[in-house]
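The values are calculated or read from the model by the stated rules, or taken from the named source; none is laboratory data. Keep in mind the model is a prediction, meaning the values are calculated, not measured. Reconstructed Cβ throughout: ideal geometry from the backbone, glycine too, with neighbour counts over all protein chains shown.
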Amino acid sequence: MRFPALSQLTAAALLALGTLTACSSVPVTSMVRLARTDLSATDPAALRIAVRLPQGLRPRRVTLRITVTVGAEKREQAFVLGDLDDPAELLSLAGEVTKDTTIYAFRIEPADVPRVLAVRDEMAAHKAKGERGSLALGVGAEACRTGALPATTLITTYLKTERTGDFFPLTRDVDLRKDVPKEAVPERIPLCG
């Protein structure tokens, strides 16, 4: 059995109230970088996720979903991510900030790291038995509006898989007005309260 590395996962960046599959917006250089990432050797405590949002939009709750599928059995676990509060970790994103955007970054809560490791151990146990399977990693976020949104509402998501590594774009410039289901268009995002 071969469980894919992070690059071969169904890696979807999700934002807003609905689901945004951004596979077509993954930069080629990021696909190569993902292909070289070995999830079985990645420290979940080092995993970081960031999103660049236009002014007027703010994330409320960000969730990491890990789905392990073996044969017909599919199990999903969700982890609410915490804010990344170390500005030094965001240095590799300095060139990504513009005057009309803000970058928010998140990490797996330390208390959830053992649960993530348990999922990884489960995956390794299936592999050791010769069972075929897959691992999917997804990020979802609920957002709220702080005011009016610009005519072009672009978001970019980033991933960091190593403590000493840099963030790299997972998806780039996904337009919330064009690339999402109608129920998730910016006007339907609730006001922050």
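Values computed for the structure shown
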| quantity | calculated |
| --- | --- |
| Test: residue in segment 101-119 that is under 14 Å from R52 (Cα atoms) and in a loop (DSSP other than H, G, I, E, B) | no |
| Residue in segment 95-104 that is exposed (fewer than 12 other Cβ atoms within 10 Å of the Cβ) and either in contact with a Leu (Cβ under 7 Å, 6 or more places away or on another chain) or closer than 17 Å to L159 by Cβ (or both) present | yes |
| In segment 62-100, residue farthest from L47 (Cα to Cα) [restricted to those that are outside any loop (DSSP other than H, G, I, E, B), without any contact (Cβ under 8 Å) to a residue 60 or more places away in the chain and among the acidic types (D, E)] | E73 |
| Subset of segment 112-126 (residues that are crowded, with 17+ Cβ neighbours inside 10 Å and under 19 Å from the mean Cα position of the chain (by Cα)) | D112, V113, V116, V119, R120 |
| Unmet criterion (only one of (1) within 18 Å of the chain's Cα centre (by Cα); (2) modelled with pLDDT of 90 or more; (3) loosely packed, with under 12 Cβ neighbours inside 10 Å) for E109 | (3) |
| Output for segment 30-52, where each listed residue is within 14 Å of the chain's Cα centre (by Cα) and at pLDDT 85 or above | P44, A46, L47, R48, I49, A50, V51, R52 |
| Some residue of segment 47-61 being in a helix (DSSP H, G or I) and not aromatic (F, W, Y) | no |
